[in-house]
Structures are given as structure tokens and as C-alpha cells.
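The block underneath contains the structure these notes are about, expressed in C-alpha cells.
The values are calculated or read from the model by the stated rules, or taken from the named source; none is laboratory data. What you see is a predicted model; the values in this text were computed from it and never measured. Don't worry about glycine lacking a Cβ; one is built from the backbone with ideal geometry, like all the others, and counts go over all protein chains shown.
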Amino acid sequence: MNKKARIAEIEIVRVFAALAIMLFHMNILPGGQLAVEIFAVLSGLLMARSVTSMPEECKNDIIGATYRFVARKIRAFYPELIVATLIGVVCFNYAKVSLAESLNYIFASLTGNLLLLKMSGFSWCAGGACPPSWYLSSMIISMILICPFLLKVKKLYFFLAPGVGLFLYLYFNFDGVEKSSYQDWLGFTYGGNIRVCSELLIAIGAYPIVRYLGKCTRESVKLRIVSNACKWGSLTGILVLLFKENGYTDLLFLILVVTYFICLFSESSATDGNFLRSRNSLLRYCGVGSIAIFLTHFPALMISGGISKRFDINAIEWVVLSFIVTSLFSLVTIYGGRRIRQMVSRTRSENRAI
């Protein structure tokens, strides 16, 4: 099986999840913020699959294996993050602010984004919202903490208990943070990191179900039909909940996302990894495109919002304008990310030649 082959359905869902987050920030999709859980659960399942397939000699070197795994994940989005951050910094100059405030905002954005410190707990590094990379920072922090345990724990379902426990803790203590500016940020950092970590742990703990269900559906057509029904039913529920205010729907949303990906991955496993699998370059751009949309939609909304106020355009025109600007920024980010990868690859080749 070619490692560059991609599952079409996953790539398409990732694009729609990124668009849902964008629509949430446009106040069109009330529950769109929950779409980040789609990325968290997917990342957890892929993390479990990647680590469990490592040779035993790699697993014995915990520090080295963790470093290589996390570095590989960072390389997957970092070139796009660089370009998107620069776009955001340029877009910020569209706002009318003092020079000192602008410089502080830009420097904080560069520090927080490029060093992946948005969710480090240092409130100054959280300054700047171009692009909204808090999730990427939280994911990397969580993976660094989880990976050493994942390399050593043989029974992956052991990860379910701490994952569910952490998620329920946040679920029942959602309003437990004192509302002041610093406490607000501290609570967001604390809650955000725990939430992403809990969702990664739940997905990792659910991975044995994927393997077991894949084996069963390979041998039973009836079970495959039931699994397919559960998959499309849970996807329908996910779409419905995106239109509702988040809060007490969060737990149900997470259950539906986990169910959807368990069924999807097991279906792919049942067909020896060939389910909806393709080497089509369009799918590769879907994968990179979801990252680009997520990273550039906030600067795009900053620009389109400024234009709408300046020229007094109506709400529908603003939505269309926002999608156009986001598409342009995403294309620039995809192209810029590819150019950065080519430059790095060329430099490495030259160093090897020397």
C-alpha cells in the first residue's frame, strides 16, 4: 500500500470541518467551533496507527521516537503556518491601531505561532490572532505528553479511562474559571489543552475497536451494512449539531465523531486499506487545503470585515467576499508551503552532495 495514497472521505470531511470553523467565526454556524474535535479524534486515531506500526527497536528509544513522531507532525503543517502567519501580520496593518500596539501584536503573533506557544500558558505569546493556531499548539503539547506512554502501553484501551475522565471533568466544570482578563486566558489555555488531550486519548483508546471491527466486517456482510448505517447516521448527527449552540451538545458531538471515524477506519481496514483510496493529486490538495483554510480564514475575515464597513456592503455580499478572500489566501498558503518544502528539500540534497 502506497503511503501517499489517501482516503477520499477523510480528506473531504477535513475540508468541511475547516469550513465549519470559518462559518462559526462568521456567526453563521453556532456549533461550528466543535469541528475542531473532528481534527482531534482523527489525529488520535492516526497517532495510534502510526505508533503501533513502529518497529520494536524504535519503541525502545522513547525520546528519539517521540521526537521523530512530533517532528514529522510539525513538518506536515509548519510551512503553511509560516505563510499564513505572514499573511496575518500583513492583514493586521489594515486595522487602525497605534504603532506600539501594532508592533507588540505582530511580535506576539510571530512568537506564539512560529514557536507553537499559543497554548503554552504564557499569556503574552497568546497575543495576536493571525492565524488562530491555538489548536495546533495544543495538539503538539498533548502529543509530546502522550507519545511516551503510547510507545510503552500495550493495551491501547487503557487510554480510554483518563481520556473520558478528563473530558467529563471539563464538561461538568465549564464555568469554573473566575472571569478576569488573565484568569480568562489561563482558563482557556488550561481547558483547551485538557480538551484536546482528552480527545486524543479517547481516539487512541478507541483504536483497538477499529481493528476488531475491521476484522469482523471483513467476514460479515451484514455487519458491514450495520457499520455503514452507523457511519452515515453519526455523520448526519454531526451536521445537525453544527447548527446548534455548543455546550451541553459537546458530549453527544464527541460520541458521534468517534463513532463516525471508528466505522470509517474499520471499513477501510476491512477492504485492506483500499476503501475510497486514491493517489489523485486533488485529494492531496484537499488535505493541505483544510490546513490552509483553518489557518487563513481569520485574516481573511479581518480584511473582508474591513472592506464591508468601508463600502457598506450587505451581509450576503460580505459572506461571498469572505469566501473569495479565504480562497485566495488559502491558495497563496498552499503554494507558499510547497515552495518552502522544495527549498528545504533542495538544501538537504545539496548538503548530502557536499
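Here are some notes:
- Listed by position, the helices (runs of 4 or more DSSP H) enclosed by segment 1-67 that each have at least 2 residues that are touching a Phe, Trp or Tyr at 6+ places or on another chain (Cβ under 8 Å), farther than 27 Å from S322 by Cα and of a type in the set (S, T, Y) are 36-52.
Per-residue answers, yes or no, for (1) crowded, with 19+ Cβ neighbours inside 10 Å; (2) modelled with pLDDT of 80 or more:
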residue	(1), (2)
S281	no, no
G306	no, yes
W318	no, yes
S322	yes, yes
G336	no, yes
N351	no, no
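Residues are listed down the side, and each one gets a yes or a no for (1) more than 21 Å from the chain's Cα centre (by Cα); (2) under 21 Å from A292 (Cβ atoms):
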{"position": "D312", "(1), (2)": "yes, no"}
{"position": "G336", "(1), (2)": "no, yes"}
{"position": "R339", "(1), (2)": "yes, yes"}
{"position": "V344", "(1), (2)": "yes, yes"}
{"position": "E350", "(1), (2)": "yes, no"}
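- Segment 215-265, subset of a type in the set (D, E) and farther than 19 Å from G163 by Cβ, residue farthest from the chain's Cα centre (by Cα): E219
- Reported count of residues in segment 67-109, each being at pLDDT below 80 and of a type in the set (F, W, Y), is 3.
- Scan of segment 216-232 for residues that are charged (D, E, K, R) and at pLDDT below 90, ordered by number: R218, E219, K222, R224
- Subset of segment 151-172 that is over 19 Å from I255 (Cβ atoms) and in contact with a Lys or Arg (Cβ under 9 Å, 6 or more places away or on another chain) - its residue that is surrounded by the fewest Cβ atoms within 10 Å (Cβ to Cβ): K152
- Scanning segment 13-64 for residues that are surrounded by fewer than 16 Cβ atoms within 10 Å (Cβ to Cβ) and in contact with a Cys (Cβ under 6 Å, 6 or more places away or on another chain) returns no hits.
- Test: residue in segment 91-105 that is in contact (Cβ under 8 Å) with a residue 12 or more places away in the chain and closer than 26 Å to M343 by Cα: yes
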